[in-house]
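Asker: Handing you this structure, nothing more for now.
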Amino acid sequence: MITVGLVLSAGGTSGAAYHAGVLAGLFEATGWDPRTADLIVGTSAGASTAVGIRAGLSASDHAAYYSGQELTSEGQIIRSRVTTPLDLPKNPPPHESFRPANPYLMLQGVLGRGRPRPVVSLAGMLPEGQADGSSLAKRINESHPEPWSELSTWICSVNLQTGKRAVFGRDDIQCDIGTAVQASSAIPGYFRPVDLGGARYVDGGIHSSTNADLTAPLGLDVVVISSAMTATPSESVWPGGPIGRAWHSRTLRREVERIRSFGSSVLVFQPTAEDLGIRGEDNMSTDNSEEICQMAKTSTLAHLSHPRTLNSRKALERSLRS
């Protein structure tokens with residue numbers, strides 16, 4: 001039996017549109033249905049997409065949603081369950097205090113063991129955000145009425161007290177799946193941290209935009225990664241491009257090397273120059289979601305036709321027959 005893991009990165013609304021295009025391209029080219037993934041790892045925007053998949057929304061319906069097309073009857077039933085308006089402020093509410101959320105994280109980032117996590121350090125220095133993300137949690141729970149998926153679904157966040165990664169669905173943290181997605185999407189300095197059992201949780205993207213390394217020791221046959229915040233090698237250099245993109249891309253390369261060291265085949269999809277040319281600077285904008293989704297599908301089909309993806313693609317296709 002061929003086992004497949006799916007990793008969906010952070011990236012805001014544009015990231016979710018990118019994931020939709022990647023999944024649609026994958027399904028068209030290989031016939032692989034992401035709903036059959038043995039494990040889905042989702043971070044921030046990718047967490048919302050992950051739950052949509054586990055709720056039963058197909059790759060085609062994900063793409064139809066972001067492309068402004070009509071969903072299938074199955075997709076319409078799932079979407080019709082969501083009745084809570086998404087109430088997120090366009091501009092962050094004023095801070096009640098400019099005191100850093102946790103200055104300790106700055107020291108930990110500089111003096112702590114292991115690879116530096118500068119974004120975690122920055123999150124500790126920012127004041128706590130005041131935007132309420134609870135409407136997102138409600139919408140997620142409406143789309144996925146069960147408290148948690150029966151299939152393995154890991155939602156990544158960061159404990160604001162310790163700076164360590166927290167993985168809902170794997171770690172012993174009790175909450176419903178909507179609250180997990182809210183925590184995973186709680187951008188530091190913008191959204192209010194999610195309080196669970198006395199611990200506060202924020203966006204998992206500050207640890208890693210993909211958190212793909214979680215799949216490494218599992219021995220999966222194939223790991224599919226849709227990474228919206230990185231870019232192909234020619235577009236991820238610094239100086240010459242954004243330092244954040246370069247950092248996330250370097251992190252992803254390290255993660256992929258680790259996954260492959262355990263014997264897994266890896267398929268990585270990340271923005272090309274054409275993808276980046278369509279996307280604006282505001283990752284939360286919905287103005288160009290259709291174009292982002294369509295371009296991501298085109299890029300995915302092109303990537304899958306390249307000889308270097310042949311072995312991973314064949315392994316993915318074999319999973320359909322196992």
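The values are calculated or read from the model by the stated rules, or taken from the named source; none is laboratory data. Because the structure is a prediction, the values reported are computed rather than measured. Here the Cβ positions follow ideal geometry from the backbone for every residue, glycine too, while neighbour counts run over all protein chains shown. In case anyone asks, the SASA skips ligands and DNA or RNA and just uses the protein heavy atoms, side chains included. Shrake-Rupley method; radii C 1.70, N 1.55, O 1.52, S 1.80 Å.
Asker: Take every Cα pair under 8 Å in the chain that's 6+ residues apart, average their separations, divide by the length, and report that relative contact order as a whole percent.
Answerer: Values: 686 pairs, mean separation 85.8, N = 322.
27 percent.
Asker: If you don't mind, another one. Only bridges with both residues in the chain count here: give the DSSP antiparallel percent, nearest 5.
Answerer: 35 percent
Asker: Leaving out ligands, DNA and RNA but keeping every protein chain, what accessible area does S152 have, in Å² rounded to the nearest 10, with a 1.4 Å probe?
Answerer: The accessible area of S152 comes to roughly 60 Å².
Asker: Just how large is the dipole of the chain about the Cα centre, in debye to the nearest 20, putting +1 at every Lys and Arg Cβ and -1 at every Asp and Glu Cβ?
Answerer: That gives the chain a dipole magnitude of about 1040 debye.
Asker: What FRET efficiency would be calculated for the residue pair Q161, E96, taking the C-beta separation as r and a Förster radius of 22 Å, to the nearest 0.05?
Answerer: Details: r = 19 Å, r/R0 = 0.86.
Working from the Cβ atoms, E equals 0.70.
Asker: Under a GNM of the chain (C-alpha, springs under 10 Å), which listed residue has the highest mean-square fluctuation: R279, R35, R81?
Answerer: R81
Asker: Semi-axes of the equivalent ellipsoid for segment 95-239, please: Cα gyration tensor eigenvalues, times 5, square-rooted, ordered largest first, whole Å. Numbers along the way, then the final one.
Answerer: Details: eigenvalues 111, 101, 45 Å².
After scaling each eigenvalue by five and taking roots: 24, 22, 15 Å.
Asker: How many nm is it between the label spots at D172 and T72, if each spot is 7 Å from the Cα in line with the beta carbon?
Answerer: Distance between label points: 4.0 nm.
Asker: Quick one: Karplus J couplings for segment 281-296, per residue in order, coefficients 6.51, -1.76, 1.60, θ = phi - 60°, nearest Hz, x for Gly and Pro?
Answerer: 3J(HN,Hα) across segment 281-296, in whole Hz: 7, 8, 5, 9, 6, 9, 5, 10, 4, 4, 5, 4, 4, 5, 5, 4.
Asker: How many Å² of accessible area per residue for segment 8-123, probe 1.4 Å? Provide the component values of the computation, followed by the final result.
Answerer: Values: 5390 Å² over 116 residues.
On a per-residue basis, 46 Å².
Asker: First check a/c for the chain, with a ≥ b ≥ c the square roots of the eigenvalues of its C-alpha gyration tensor; if it is under 1.5, answer rounded, and if not, answer prolate when a/b is larger than b/c or oblate otherwise.
Answerer: Working: a/c = 1.44, a/b = 1.24, b/c = 1.16.
It is rounded, given that a/c, with a ≥ b ≥ c, falls under 1.5.
Asker: Now for a different question. Determine, for each peptide in 257-264, 96-103, the mean count of other beta carbons within 10 angstrom over its residues, then list the peptides with the highest first.
Answerer: 257-264, 96-103
Asker: Please list, ordered by chain and number, the residues whose modelled amide H lies under 5 Å from the amide H of V41; skip anything fewer than 5 residues away on the same chain.
Answerer: For V41, whose amide H was placed from the backbone, the distant partners under 5 Å are L6, V7, L8, W154.
Asker: Non-local amide H neighbours of G11 (under 5 Å, H modeled in plane, Pro and chain starts lacking H): which ones?
Answerer: A45, G46
Asker: Under the rule of at least 5 residues apart or a separate chain, name every residue whose amide H is placed under 5 Å from the amide H of V266.
Answerer: So V266 has HN proximity to V223.
Asker: Could you tell me which of L310, P188, I77 has its Cα farthest along the dipole of the chain towards the positive end, charges placed at Cβ (Lys, Arg +1; Asp, Glu -1), taken about the Cα centre?
Answerer: Of the candidates, L310 comes out farthest on the positive side.
Asker: Can you give the calculated 222 nm mean residue ellipticity of the chain, where each DSSP H run of n ≥ 4 adds -39,500 (n - 2.57) and the sum is split over every residue, rounded to the nearest 500 deg cm²/dmol? Mind dumping the intermediate values first?
Answerer: Values: 12 runs with 132 residues, N = 322.
Rounded to the nearest 500, the figure is -12500 deg cm²/dmol.
Asker: Still on this model: Rounded to a whole number, what % of the accessible area of the chain do carbon and sulfur atoms account for, probe 1.4 Å?
Answerer: Answer for the chain: carbon and sulfur cover 53 percent of the accessible area.
Asker: Oh, and also: Identify all aspartates and glutamates with a Cα-Cα distance to K138 below 13 Å; exclude those on the same chain that are fewer than 8 residues away in sequence.
Answerer: Candidates past the 8-residue exclusion: D87, E146, D176.
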